[in-house]
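Here's the structure we're looking at; comments come further down.
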Amino acid sequence: MKPKLVLILLLILPGSWAENINQVFAKKARQAQPQKIQGSNVHLNNLQVCMEQAWEVSWSMFFNDRTQQFYDYLSSYEKGQGLNHLPTSNEVDEQYPNYQGYDTGMEDCMISAGVMLCMIIDKYMVNNDNNLKNYAYAVFQGIKLSATVHGSPGFLARCVCVEDQKSIYINSSRDQYTHVVYGLWHYFHSPLCDDKTKKEIGEILSEIADRMKRNVTPENNYDFLRADGTHDTRGISKMWNVKGHEAARLPMIYAAAWNTTGNIEYFDLYREYIKPAINQSLKIEEGQPTYALLQMQSSIELLLSLEEDSTLKNKMGIIMESLVHMAEKRTVNANKRAQMLDLTMVGSDWRTGEGLNPKGEYRKVWYCIRESGEAALVQLMSQKSSFSKEQKELLSLAITRLDYEHVSSSGIFYLQGAYWRARRLGIL
């Protein structure tokens, strides 16, 4: 389709703009299936085609326009059937099968929102496509829903139920907060964000920071608490006196709130926690999952961008470099596992099958795709590191080996994130 024709279509789209745009992308993707890599230009074209396919699938299969959120996996490749496994409002209201919504496909919407928001910004910085403003705003609306629908100030629900657009699981996690705060902060400072949305971002981050100030206390064991005010029994809402890879999350939240609102109270809280957090972060525990490395890198990158103390900045640089070296190994291992897995495998309904159960076979497929993107992103966030030829090849392989008409893992969000960050940096 010629660019001028696409532009005309975009200008006359009705309210269901996302669906129509996806149809355009889908047609373009079908017209240009990936070719064998025979040179740098062919290689780049091949990656671009794959990324167009991944983009179309992300919005047409994983995204729900009623909640404006991306869900975790597909249980069918039939159009309109992929998210049929998601919990009903009655199941969510009963907190079934658990307080987190684990294994159901409703556990990581906010993590995905942060990843997709940053990816859209990077994509815009490469191609200057103003239509991406609509996409970024849609992701923001999904975040806003998770932050407000429950009426518990500063609480960030993992996902919102598609059926009624209001029911939530009451147990969130610091992981959800990390990606959302990181994504909102980047969105705030991007050309895609208008003044009205910047004000809303400041309000959301203020409520999150206020919740942390109010609840993250010794009396609560530093827990920001569930949506109903009860304690998190799993420890995933604990924000202080945590492991090294988690220590920077709390000052990151205060720093982002200060930077987007100018409220000096948040600055003082940021300064209170930053030194002990960075000193603890220097001790990264071995064996942490790759998603934890990405979250740690995100929190350190945000803090480094705002910090003025040279000693702290040097320490942050050391931390980021350490994470890069760890991530390089994770990329290699994910590639080895991918060769032994059926990456076209579809997820099952959690009621009758394994869903995203960590002990199930599908989880291996789902996370292998995601880990390749996570590990690449960890490396691409570090300003000092070079992205080696081997790492470029591994990222390219992770992208091009997938059949995007038969991929059921939200891991494709991370692959897109890594690709567009690499393009923005001039690496691919």
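Here are some notes:
- Qualifying residue in the stretch 228-246 (condition: in contact (Cβ under 8 Å) with a residue 60 or more places away in the chain and part of a helix (DSSP H, G or I)): yes
- Of residues in the stretch 215-232 being among the polar types (S, T, N, Q) and either modelled with pLDDT under 95 or out of contact with any Phe, Trp or Tyr (no Cβ under 8 Å at 6 or more places or on another chain) (or both), the one surrounded by the most Cβ atoms within 10 Å (Cβ to Cβ): 220
- Criterion (in contact (Cβ under 8 Å) with a residue 60 or more places away in the chain, over 24 Å from residue 427 (Cβ atoms) and not polar (S, T, N, Q)) met by exactly one of 82, 114: 82
- Whichever residue in the stretch 295-312 is of a type outside the set (A, V, I, L, M, F, W, C) and under 25 Å from the mean Cα position of the chain (by Cα) and, among such residues, is surrounded by the fewest Cβ atoms within 10 Å (Cβ to Cβ): 305
- Only one of the numbered conditions (1) modelled with pLDDT under 95; (2) exposed (fewer than 14 other Cβ atoms within 10 Å of the Cβ); (3) aliphatic (A, V, I, L, M) is violated by residue 282, and that is (1).
- A search for C-beta distances below 8 Å between a residue of the stretch 383-404 that is touching a residue at least 12 places away in the same chain (Cβ under 8 Å) and any residue that is in a helix (DSSP H, G or I) and among the aromatic types (Phe, Trp, Tyr), counting only pairs 6+ apart in sequence or on different chains, returns 395/419; 399/419.
- Test: residue in the stretch 112-130 that is more than 19 Å from the chain's Cα centre (by Cα), of a type in the set (S, T, N, Q), farther than 29 Å from residue 48 by Cβ and surrounded by fewer than 18 Cβ atoms within 10 Å (Cβ to Cβ): no
- Annotation: residue 383 fulfils all but one of (1) out of contact with any helix residue (DSSP H, G or I) (no Cβ under 9 Å at 6 or more places or on another chain); (2) within 30 Å of residue 316 (Cβ to Cβ); the unmet one is (1).
For every residue, the table says whether it meets (1) polar (S, T, N, Q); (2) crowded, with 22+ Cβ neighbours inside 10 Å; (3) at pLDDT below 95.
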| position | (1), (2), (3) |
| --- | --- |
| 109 | no, yes, no |
| 138 | no, no, no |
| 141 | yes, no, no |
| 152 | yes, no, no |
| 161 | no, yes, no |
| 166 | no, no, no |
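- Leading residue by the ranking (farthest from residue 292 (Cα to Cα)) among those in the stretch 228-258 that are of a type in the set (Asp, Glu) and over 21 Å from the mean Cα position of the chain (by Cα): 228
- Filtered residues of the stretch 214-227 (kept if part of a loop (DSSP other than H, G, I, E, B), under 26 Å from the mean Cα position of the chain (by Cα) and not aromatic (Phe, Trp, Tyr)): 216, 225, 226, 227
Per-residue answers, yes or no, for (1) more than 25 Å from residue 207 (Cα to Cα); (2) surrounded by fewer than 15 Cβ atoms within 10 Å (Cβ to Cβ):
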| residue | (1), (2) |
| --- | --- |
| 242 | no, no |
| 261 | no, no |
| 286 | yes, yes |
| 293 | yes, no |
| 329 | yes, yes |
| 336 | yes, yes |
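- Inside the stretch 394-428, residues that are of a type outside the set (Phe, Trp, Tyr) and over 18 Å from residue 343 (Cβ atoms) make up a count of 9.
- Condition check for residue 212: at pLDDT 95 or above, within 23 Å of residue 168 (Cα to Cα), buried (at least 16 other Cβ atoms within 10 Å of the Cβ) and not aromatic (Phe, Trp, Tyr): yes
- The sole residue among 378, 407, 365 that is surrounded by 22 or more Cβ atoms within 10 Å (Cβ to Cβ), closer than 22 Å to residue 317 by Cα and of a type in the set (Val, Ile, Thr) is 378.
- Residues in the stretch 247-274 that are in contact with a helix residue (DSSP H, G or I) (Cβ under 6 Å, 6 or more places away or on another chain) and assigned to a loop (DSSP other than H, G, I, E, B) were compared, and the one that is farthest from residue 284 (Cα to Cα) is 248.
- Index of the failed condition, residue 88 passing every other in (1) out of contact with any Gly (no Cβ under 9 Å at 6 or more places or on another chain); (2) touching a residue at least 40 places away in the same chain (Cβ under 8 Å); (3) crowded, with 17+ Cβ neighbours inside 10 Å: (3)
- Where helices (runs of 4 or more DSSP H) sit wholly within the stretch 277-396, those with at least 3 residues that are within 22 Å of residue 181 (Cβ to Cβ) and in contact with a Gly (Cβ under 7 Å, 6 or more places away or on another chain) occupy 361-381.
- Some residue of the stretch 176-186 being farther than 18 Å from residue 298 by Cα and within 21 Å of the chain's Cα centre (by Cα): no
The values are calculated or read from the model by the stated rules, or taken from the named source; none is laboratory data. No experiment lies behind these values; they were computed from the predicted model shown. All Cβ positions, glycine included, derive from the backbone under ideal geometry; neighbour counts span all protein chains shown.
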